[in-house]
There are 2 protein chains.
Amino acid sequence: MSPRQPRRRSYDQYCASARALDAVGDRWTLLIVRELLAGPRRYTDLHADLPGVSTDVLAGRLKDMEAQGLATRRKLPPPAAATVYELTARGAGLLPVLTALAEWGAPDLADRRPTDALRAHWYALPLLRRLPPTGVPAVVDVVLDEGVFHLRLAGDGPVHGDGPVHGGGPVYGDGPAEAADARLVLDADTCRELGEGTLDVAQAVRAGRLEVHGEGPAAAALRGETG
Amino acid sequence: MSPRQPRRRSYDQYCASARALDAVGDRWTLLIVRELLAGPRRYTDLHADLPGVSTDVLAGRLKDMEAQGLATRRKLPPPAAATVYELTARGAGLLPVLTALAEWGAPDLADRRPTDALRAHWYALPLLRRLPPTGVPAVVDVVLDEGVFHLRLAGDGPVHGDGPVHGGGPVYGDGPAEAADARLVLDADTCRELGEGTLDVAQAVRAGRLEVHGEGPAAAALRGETG
DNA sequence: CGGCATCCGTGACGATACTG
DNA sequence: CAGTATCGTCACGGATGCCG
């Protein structure tokens, strides 16, 4: 009958961090979460944006994540008859873990190896913690030579580790948003330094390395017009 | 000559989170960091507090961490001629990652399996984020039936993900501190609920589930005497 | 074409034994 | 005490095949 559930490997420690690592400590799992934080994605898109993962491991991880309540499969209504994977609230709650990792790992981006894959929206996580508070929920397009992505800011300051930021929708996404409140134009290295924290938005604007477009209060706040 | 360095496996992605996982994503690494956040430890002590890790994996991880600048080996002066492992500043910078993981994983502590190992200081990480600001640096002993540990609070509020908290010394430790500013006495389940955030210190005191001993301002702040 | 399942070679992991 | 040596097992990565 039961075809021998291989029983997920556990640290068997009564420790909150160990429990978290039991759930998401496997190779690739947190990077799949990173992709799904950009919104619902199809299997093939995930596979394309996770270069190096093998098909069976990706399928297995998605199955594990579904079994643990981190993600769900959903079938889109026709004619777009595709199945997409989507984070649950529990899965989206991993955002603070990913931002903490991104903040710690940002200095390592100083050396860009020729073998490194790159997607524009991978710049989103370090940036989320570094943008000044907009005071109001806002969607910001970020335009790099390498591509365009967008951020969804809650308005009440940078994203810290204090739980999910807003409703539960995607926190960032690939490509431009439908209706953005502001648009940032900068080069990849400026974006890297912003994410690392060695440069802030006001400095970058003053140095001519960053253009902030937009008319609303969010764009003004990003420019530093606090009055 | 060079016996072919097997070259650490990398995700090869130009992404801050992926870079961090390249460094600390291997099994056991973050739990070793958790142990070393309690201060310098000997190999045998690490092995004792990481039940399940095999000796060669532990040795290998410590070597990797040393090579990556996360930890250092240090030989204690005689007569205590033992070698201890100690986090570097870079390694200690992983505290926000571990607190984010602990916060996310805390709800999973609701079911305590009979196979789970337990060390008192494993309660420290979830607690660090949940104690009210003491206003002043303080050392707090926490007394459970299961054992005693202590926390070193910076004073400026709970530990968020905004970088290292204070100087760089241990953030918590096993057993009582030499000179504690306050002493908390509670049972394990109360400690778990505090860490989970479903209960706060003031509530626990009022419910008679937590005693806060001590005379100084830190103890008063923990009691909620904000005046 | 999207979503896997299968097969296979390699390397990482876990337990035990052993050594300076 | 602080690891190294050895070995069986399993997870991973890559390629291919199947099936709606």
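Footprinting exposure proxy ranking of A:GLU178, B:GLU66, fewest other C-beta atoms within 10 angstrom first, gives A:GLU178, B:GLU66.
The H on the amide N of A:LEU144, modeled in the peptide plane, is under 5 Å from the matching H of A:PHE149, each at least 5 residues off or on a different chain.
Restricting to Cα pairs below 8 Å that are 6+ residues apart, what does the relative contact order work out to for region B:16-93? Please round to a whole percent.
That works out to 32 percent.
By other beta-carbon atoms within 10 Å, ranking A:HIS150, A:HIS47 with the fewest at the front produces A:HIS47, A:HIS150. Region B:44-67 and region A:32-87 have their alpha-carbon centroids 34 Å apart.
Need the full-extension length gain, B:ASP200 to B:ASP187, defined as separation in residues times 0.36 nm minus the C-alpha distance. One decimal, nm. Taking B:ASP200 through B:ASP187 to full extension adds about 3.3 nm, to one decimal. Residue by residue, region B:113-128 carries 3J(HN,Hα) couplings of 7, x, 7, 6, 6, 8, 10, 4, 6, 5, 6, 5, 4, x, 5, 4 Hz when phi is fed to the Karplus relation 6.51 cos²θ - 1.76 cosθ + 1.60 (θ = phi - 60°); x denotes Gly or Pro. Mean sequence separation of contacting Cα pairs (under 8 Å, at least six apart), scaled by the length of chain A, corresponds to a relative contact order of 17 percent. Take A:GLY60, move 7 Å from Cα toward the beta carbon, and the resulting point lies 1.7 nm from the same point in each other copy, nearest first. Inter-copy label distances at B:ASP45, shortest first and taken from points set 7 Å along Cα to Cβ: 5.0 nm. Between the amide H of A:GLY39 and those of A:VAL171, distances stay under 5 Å, these residues lying 5 or more places away or on another chain, with hydrogens modeled in the peptide plane. Shown for region B:171-212 is the translational diffusion coefficient from the Stokes-Einstein equation, using the Kirkwood radius over Cα pairs, a temperature of 20 °C and a viscosity of 1.002 mPa s: 191 µm²/s.
How do B:CYS191, A:CYS15 rank when sorted from fewest to most other Cβ atoms within 10 Å of their own Cβ?
B:CYS191, A:CYS15
Within straight-line reach of A:LYS75, meaning a Cα separation under 20 Å, sit the following lysines at least 8 residues removed in sequence or on another chain: A:LYS63.
Under 5 Å from the amide H of A:ARG129 lie the amide H atoms of A:VAL159, each residue being 5 or more positions distant or on a separate chain, with H modelled from the backbone and absent for Pro and chain starts. Label-to-label distances for B:GLY216 across copies, nearest first, come out at 4.9 nm, using points 7 Å from Cα in the beta-carbon direction.
No lab work stands behind these numbers, since they all come straight from the coordinates. Predicted model, so just to flag it, every value in this text is computed and none were measured. Note: ideal-geometry Cβ built from the backbone for every residue, glycine included; neighbour counts use all protein chains shown.
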